[in-house]
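Below is one structure, written out as structure tokens; comments come after it.
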Amino acid sequence: MTRWRFAPLVAAAAGCAHPAVLGPTATPAATANVPAAATPTVDQRIAYYAGRVEQHPRLYPVWAQLAEAYFDKAKETWNPSWLANAHDAVAHSRAIQDTYHALEIEAQIAAYTHQFTDALTWAHMAEAAATYPPDTHMRAIEVEALVGLGEIDEARQLVPEGAKIDDFFVVASLAKIANEDQRFDQAASYYLVAARLAHQLQAAPLVAWAEAMAGGMYVDAKDYAAALPHLDAARQAGGCAEETIHRGELLAATGKQRAALVLYEQVLSRHPDPHLHHVAFKVAKQLGDEVIAQKHYQAAEQIYRSVIDKHQIYTLNALAQLLLDGNGNAQEALALAHQNIAYKRDRQARVTLDEAERRAAGAARP
């Protein structure tokens, strides 16, 4: 199964976690914008911070908070134009005062957009600026970037298996490496430790994410009975996109494709997301419902292409895989996969490239 979202979620975790979840290395700059119980919407945050910097243009911490809000808007809408706004805002902040928080945001954006070499650079700079090193949040971004670059051995050196697992980011990094190695049971165990750590600090969004990821690992391991309680725990903690994807995978894997499709469409009616459209397309195709399948295929394709049209690379692999899943243009899928491998060389990218090469070679035969 495809795990699309680990990078942005770990990179963005400081924005949704209770400060103490971040471990003893968290700085005030990293946690000053943690939302209170009544969390404002992204649009409310943008309006508030934009108003503040309009009145007080030298407030570099607020420029950083505005950049973070723009970044969240980009993730929420899948519109890369908001990333340009985020880059501009964080540049304003750094021009006034270079801070850990601004460097942290740069690293998060680079990881999210699959600019993994840049993510390593920014994370190293932020780590050097951390008040209480070592900075496990930046270390997690470094692990994500190294895995994305296909440098799994280097990632292991940053968080060896014997590492102390009392920090959310350390455990999440270990889970990421185990997932990349396809050691799904071990990855699930790490995610459950992460969920426990988040629960102790009352960080419900991270509890939901970690429980959902554990459930996803059990789905990949085909241990469906073990998966369900953790998906239910993720839902009880408030739910997240991962819970929806992995619950749908579980339903489809246990012969309940129609229920999976209903679940995906319920969520998509509220929150359009190309990855959910992609998996909904595959489930509808299994059901033989070509009309619904094409609806979701076209929705996923439109969003994937719109990101690339804005000169971004982070949907290259997803679009290549969509074309392959839909028996589309194998030569275009191969070109996209080759373009992607220049930036992203993890297991997922290599699998897509291998499949594209086979399909393109088959299509070229007389």
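The values are calculated or read from the model by the stated rules, or taken from the named source; none is laboratory data. It should be emphasised that the depicted structure is a prediction, and the values quoted were computed from it without experimental measurement. Here the Cβ positions follow ideal geometry from the backbone for every residue, glycine too, while neighbour counts run over all protein chains shown. Calculation scope for accessible area: heavy atoms of the full protein, side chains included, ligands and nucleic acids excluded. Shrake-Rupley method; radii C 1.70, N 1.55, O 1.52, S 1.80 Å.
For the range 215-325, what ratio Rg/Rh do Cα atoms give with a Kirkwood hydrodynamic radius?
When Rh is taken as the Kirkwood radius, the ratio is 0.99.
If you take the square roots of the eigenvalues of the alpha-carbon gyration tensor of the range 149-234 and sort them as a ≥ b ≥ c, do you get rounded (a/c under 1.5), prolate (a/b over b/c) or oblate?
Oblate, since a/c reaches 1.5 and b/c is not below a/b.
Please work out the average accessible area per residue across the range 220-262, using the 1.4 Å probe convention, and give it in Å².
Dividing the accessible area of the range 220-262 by its residue count gives 45 Å².
Give me the one-decimal Kirkwood hydrodynamic radius in Å for the range 57-175, with the sum taken over alpha-carbon pairs.
With all distinct Cα pairs of the range 57-175 included, I get 14.7 Å.
Can you give the charge dipole size of the chain about its Cα centre, rounded to the nearest 20 debye, using +1 on the beta carbon of Lys and Arg and -1 on the beta carbon of Asp and Glu?
Taking the Cα centre of the chain as origin, the dipole is about 620 debye.
Given a 1.4 Å probe and every protein chain left where it sits, what share in percent of the accessible area of the range 222-366 is carbon and sulfur?
Result for the range 222-366: 53 percent of the exposed heavy-atom area is carbon or sulfur.
³J(HN,Hα) across the range 232-241 via Karplus (A = 6.51, B = -1.76, C = 1.60, θ = phi - 60°), whole Hz, x for Gly/Pro?
Rounded to whole hertz, the list is 5, 5, 5, 5, 5, 7, x, x, 6, 4.
Assuming a ≥ b ≥ c are the square roots of the Cα gyration tensor eigenvalues, decide whether the range 40-120 counts as rounded (a/c under 1.5), prolate (otherwise, with a/b larger than b/c) or oblate.
oblate
What is the diffusion coefficient of the chain in µm²/s, taking the Kirkwood radius over Cα pairs and the Stokes-Einstein relation at 37 °C with a viscosity of 0.692 mPa s?
Result for D is 157 µm²/s.
Report, in whole Å, the centroid distance computed from the Cα atoms of the range 33-93 and the range 156-174.
31 Å
Determine the dipole magnitude for the range 163-272: charges of +1 sit on the beta-carbon of Lys and Arg, -1 on that of Asp and Glu, nothing else is charged, the reference point is the Cα centre, and the result goes in debye to the nearest 20.
With only Lys, Arg, Asp and Glu charged at Cβ, the dipole is about 240 debye.
How big is the Kirkwood radius of the range 276-320, worked out from every pair of different alpha carbons and given in Å to one decimal?
For the range 276-320, inverting the mean 1/r across all distinct Cα pairs yields 10.7 Å.
Could you compute Rg(Cα) / (2.2 N^0.38 Å) for the range 297-338, with N its residue count?
Relative to the rule-of-thumb radius for its length, the range 297-338 sits at 1.02.
Would you work out what percent of the accessible area of the range 49-204, with all protein chains in place, is carbon or sulfur (probe 1.4 Å)?
50 percent
Heavy-atom accessible area per residue, the range 269-323, 1.4 Å probe: how many Å²?
Dividing the accessible area of the range 269-323 by its residue count gives 44 Å².
Cross-link candidates for Lys282: which aspartates and glutamates have Cα within less than 15 Å, leaving aside residues fewer than 8 places away along the same chain?
Partners within reach: Glu249, Glu265, Asp273, Glu290, Glu301, Asp325.
By its C-alpha gyration tensor, with a ≥ b ≥ c as the square roots of the eigenvalues, how is the range 260-366 shaped: rounded for a/c under 1.5, else prolate for a/b larger than b/c, else oblate?
oblate
Can you compute 3J(HN,Hα) from phi for each residue in the range 249-256, using the Karplus curve 6.51 cos²θ - 1.76 cosθ + 1.60 with θ = phi - 60°, rounded to whole Hz and x for Gly and Pro?
After applying 6.51 cos²θ - 1.76 cosθ + 1.60, I find 4, 5, 4, 5, 5, 9, x, 10 Hz.
Mind checking the dipole of the range 237-366: about its Cα centre, +1 per Lys or Arg Cβ, -1 per Asp or Glu Cβ, Debye to the nearest 20?
Using Cβ point charges on Lys, Arg, Asp and Glu, the range 237-366 gives about 140 debye.
By per-residue mean of other Cβ atoms within 10 Å, what is the highest-first order of 209-222, 126-139?
209-222, 126-139
For the chain, build the charge dipole from Cβ charges (+1 Lys, Arg; -1 Asp, Glu) around the Cα centre, then report which of Ala84, His275, Gln200 sits farthest towards its positive end.
Of the options given, the answer is His275.
Which angle from 0 to 90°, rounded to the nearest 10, does the C-alpha axis of helix 330-341 make with the longest principal axis of the chain?
30 degrees
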